[in-house]
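Only one structure is covered here, and it is reproduced in the block below.
Each reported figure results from applying straightforward, stated rules to the coordinates on display, with no laboratory input. Just so it is clear, the structure is predicted and the values come from calculations on it, not from any experiment. Cβ sites come from the backbone with ideal geometry, for glycine too, and all protein chains shown count toward neighbours.
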Amino acid sequence: MANIYKNAFYDPSTTDAVTLYTAPTNANAIIQNIQITNQSGSKTVTARVTDSSATTSYIVAHASISGPTICNIAKGPIILEESDSISLESTDTSAISATLALLEISREDQNG
């Protein structure tokens, strides 16, 4: 079993949802935080988890952010099971970015 810390980054070119991370079929993941950086203006950011077993998306975080500011919109750990994904969307594509910090827990031996 391997534990791997990872980052996923969000630099939107669309206001539609952008998938940042999908858990592999042999792993689960724990999202530690979703740090949003808003350099200017007012934006709304929404995070969704798609449950692959139910083929349903759920809003897990939502924030209206006035910049310049940095904030964590995840108020606690978010668990992704095998093949689940997390996406972000924003009402604006300029002057906004995000970093997703997670721990991926694989059922396979890292050394092969």
Local electrostatic count, Thr91, Cβ distance below 13 Å [Lys/Arg +1, Asp/Glu -1]: -2
Under-5 Å amide H pairs with Asp92, H placed in peptide plane, nonlocal only: Thr44
For Thr44, net neighbour charge (Lys/Arg +1, Asp/Glu -1) across residues whose Cβ lies under 12 Å away: -1
Whole-Hz ³J(HN,Hα) from phi, Karplus 6.51 cos²θ - 1.76 cosθ + 1.60, for the stretch 16-22, glycine and proline x: 6, 4, 10, 6, 8, 7, 10
Whole-Hz couplings from phi, Karplus 6.51/-1.76/1.60, listed for the stretch 92-104; x for Gly and Pro: 8, 9, 9, 6, 9, 8, 8, 10, 10, 10, 8, 10, 9
Spin-label pair Ser97/Val18, simplified geometry with 7 Å Cα→Cβ offset, distance in nm: 1.1
Solution diffusion estimate, µm²/s, Stokes-Einstein, the chain, Kirkwood Rh from C-alpha pairs, 37 °C, viscosity 0.692 mPa s: 228
